[in-house]
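The values are calculated or read from the model by the stated rules, or taken from the named source; none is laboratory data. Everything numeric here is computed off the predicted structure, so don't read it as measured data. Heads up, the Cβs are rebuilt from the backbone with ideal geometry, glycines too, and the neighbour counts pull from every protein chain shown.
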Amino acid sequence: MTTSLKLEDHVSLITGAGSGIGREIACAMAREGAKIAVCDIDMDGANETVATIQSGGPGDAKAFRMDVTSEDEVNSATDAAVEHFGRLDSLVSNAGVQIVHAIENFPVEQFRKVVDIHLTGAFLTTKAAVKHMYPAGSGSLIYMGSVHSHEASPLKSAYVSAKHGILGLARVIAKEGAKHGVRSNVICPGFVKTPLVEKQIPEQARDLGISEEEVVNKVMLGNTVDQEFTTVQDVADVAVFLAGFDSNALTGQSMLISHGWVMK
Ligand SMILES: NC(=O)c1ccc[n+]([C@@H]2O[C@H](COP(=O)([O-])OP(=O)(O)OC[C@H]3O[C@@H](n4cnc5c(N)ncnc54)[C@H](O)[C@@H]3O)[C@@H](O)[C@H]2O)c1
């Protein structure tokens, strides 16, 4: 019996694919047959993702060093990925960091760093990707937003600003890209246990003056319908769906994957 793969002949470039959510999206797409440009500043992490994909198949992968805040690195890695795999069908703009402080203690260079990686990174990778997608007349742009694209939390002025900004960027590109067959959507996960979140638990406990258990049960999961973390697999399933959905019927949207934390 032959089973058809959802992303056969599909090429995806994924930023921040050396860890957490980006890695799982890369692996999930490759399990559906896609070829993945695994982009990260952490080449050890990127190479580990590539090794996992190559040992499991049926897709393929190659690691590319890319700092998403550097226009030169974004352009050269994107062009090299297209040269290597021959096409580009989707971009997953996922690289991110989290820095939390109350506004009165937030160093401006740390605010700029968060906005630069999430928002300028999404802008630069989009600009580099559409150069290949527009002439091909097709493409799927997938942005990693967050529940914090719709909600606010204390201590997260930089992250919430950047994640709200990603919604605006994605909606503009949905309008600009439509005539080129390019879709643009945002995935908005709730809390997912990755290194980015593990790091925040003690930091938030310290800054909010509560226990780590309270950070998890009240701050992170308090508004979900079932007090459960979203998983990397949940997010990856949605990314596979968006990568394979090939009409403008689904564009300019944000999809909340958050155990009902936010309903829109
Ligand atoms: N974990 C969560 O709860 C959660 C929830 C909602 C949204 N998100 C978003 O998901 C995305 C991935 O987060 P994660 O939880 O997997 O974190 P992670 O820390 O596990 O992975 C982030 C990856 O981004 C890479 N990266 C950081 N700066 C970079 C740069 N300048 N250029 C290229 N790569 C860079 C890191 O090296 C790392 O491999 C982020 O955009 C994050 O905001 C995460």
Checking Val97 against (1) under 20 Å from the mean Cα position of the chain (by Cα); (2) at pLDDT below 95, the condition it does not meet | (2)
Sole exception among (1) among the polar types (S, T, N, Q); (2) closer than 26 Å to Ser19 by Cα; (3) assigned by the TED database to the domain that holds Gly45 for Asn248, by number | (2)
Given (1) over 30 Å from Pro154 (Cα atoms); (2) within 15 Å of the ligand (Cβ to nearest atom); (3) in contact (Cβ under 8 Å) with a residue 60 or more places away in the chain, where does Asn75 come up short, assuming only one miss?
-> (3)
Filter the stretch 178-194 for residues that are more than 14 Å from the chain's Cα centre (by Cα) and surrounded by fewer than 24 Cβ atoms within 10 Å (Cβ to Cβ); which is nearest to Phe106 (Cα to Cα)?
-> Lys193
Which one of Val215, Val197 is of a type in the set (A, V, I, L, M, F, W, C) and either crowded, with 19+ Cβ neighbours inside 10 Å or away from the ligand (no atom under 15 Å from the Cβ) (or both)?
-> Val215
Go through the stretch 195-246 and give me each residue that's part of a loop (DSSP other than H, G, I, E, B), under 21 Å from the mean Cα position of the chain (by Cα) and at pLDDT below 95.
-> Asp246
Some residue of the stretch 47-61 being free of Cβ contacts under 8 Å to residues at least 40 places away in the same chain and on the phi > 0 side of the Ramachandran plot = yes
State which residue pairs qualify: first residue more than 9 Å from the ligand (Cβ to nearest atom) and inside the stretch 105-125, second residue modelled with pLDDT of 95 or more and among the charged types (D, E, K, R) in any location, beta carbons under 8 Å apart, and separation of 6 or more residues or different chains.
-> Leu124/Glu71
Quick one: Ser140 ticks every box in (1) more than 30 Å from Met263 (Cα to Cα); (2) more than 16 Å from the ligand (Cβ to nearest atom); (3) surrounded by 19 or more Cβ atoms within 10 Å (Cβ to Cβ) bar one, so which box is it?
-> (1)
Scanning the stretch 25-47 for residues that are outside any strand (DSSP E or B) and either more than 10 Å from the ligand (Cβ to nearest atom) or crowded, with 24+ Cβ neighbours inside 10 Å (or both) gives Ile25, Ala26, Cys27, Ala28, Met29, Ala30, Arg31, Glu32, Gly33, Ala34, Ala46, Asn47
Answer yes if at least one residue in the stretch 61-68 is assigned by the TED database to the domain that holds Ala152, among the small types (Gly, Ala, Ser), within 17 Å of the chain's Cα centre (by Cα) and near the ligand (Cβ under 10 Å from one of its atoms), and no otherwise.
-> no
From the list Val160, Val172, which one is without any contact (Cβ under 8 Å) to a residue 60 or more places away in the chain, closer than 30 Å to Leu88 by Cβ and assigned by the TED database to the domain that holds Ala128?
-> Val172
